[in-house]
Amino acid sequence: MKVFEDYFSELQADMVAICLEYVENKAEDTYIYCSYEPEMYAFDVFFKINSQLVFKHNLNDAVDSTTKIGNKALIYDTSEQRQEAVLDIGIENLEKIREKCKEYGKEMPTEIKLYYNVKQNSLKGKYRYDLVYSHDEELLPDDIFNSWFEEVKNGSC
């Protein structure tokens, strides 16, 4: 019989899987940002590829001549449709997490930061339960996401 933690873990693992599929399983690290504050969901992702941190729309900036699929040089499909598909699935998973939290009487995190190390097959998460941005008239989820990217880039995270 499944317990809350099983559902929670499965949904987070699905987020990782869809993000890895987006990068053709070629990332070294995956950083997933999820947020839920009263009636607003946010989801985004960035990656470490060839030792470079890149946003999902800049994947090809990290491609070098040795990155190949078969005999062809790898060029990522970063089309708007593909990016939106990843974000939509991430949001769906976040909505499912909220449903499971309600069903099991658990508090819904306001923020989830997932770090997946591909080589070690290791997933670590940081969770917050207080309001992060909705109480601030100028702060948006993108601001928090971009700030996290900069923290990771500067090695302070």
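The values are calculated or read from the model by the stated rules, or taken from the named source; none is laboratory data. Predicted model, so just to flag it, every value in this text is computed and none were measured. When we count neighbours, we look across all protein chains shown, and the Cβ atoms used for this are built from the backbone with ideal geometry, even at glycine. The protein model used for the area step is the full one, side chains on, heavy atoms only, and it has no ligands, DNA or RNA in it. Shrake-Rupley method; radii C 1.70, N 1.55, O 1.52, S 1.80 Å.
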Filter K56/K153; K48/K96; K48/K126 down to the pairs with a C-alpha to C-alpha distance above 24 Å, please.
K48/K96
Which of K124, K113, K26 moves the most in a Gaussian network model of the chain with Cα springs under 10 Å?
K124
Using a Gaussian network model on the chain with a 10 Å cutoff between Cα atoms, which of D88, D44, D136 fluctuates the most?
D136
Crossing angle, helix 80-104 versus the chain [Cα axis fit, 0-90 degrees, rounded to tens]
30
Matching label for the computed percent of Cα pairs over 20 Å apart, out of (1) 56; (2) 51; (3) 41, is (2)
Any chance you could run the full-extension gain for E24 through E39? It's 0.36 nm times the residue separation minus the Cα-Cα distance, nm to one decimal.
2.2 nm
Listed residue (Q120, M15, L94) projecting farthest to the positive dipole end of the chain, Cβ model:
Q120
Suppose we keep just the alpha-carbon trace of the range 10-51; what are its Rg and Dmax in angstrom?
11.6, 38
Tell me, what % of the accessible area of the chain is carbon and sulfur with a 1.4 angstrom probe?
47
Of the residues C101, C19, C34, which exhibits the maximal mean-square fluctuation in a Gaussian network model of the chain defined by a 10 Å Cα contact cut-off?
C101
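Let me check against my output: what whole-number percent is the relative contact order of the chain, with C-alpha pairs under 8 Å and at least 6 apart? Mind dumping the intermediate values first?
Values: 211 pairs, mean separation 38.6, N = 157.
So the answer I get is 25 percent.
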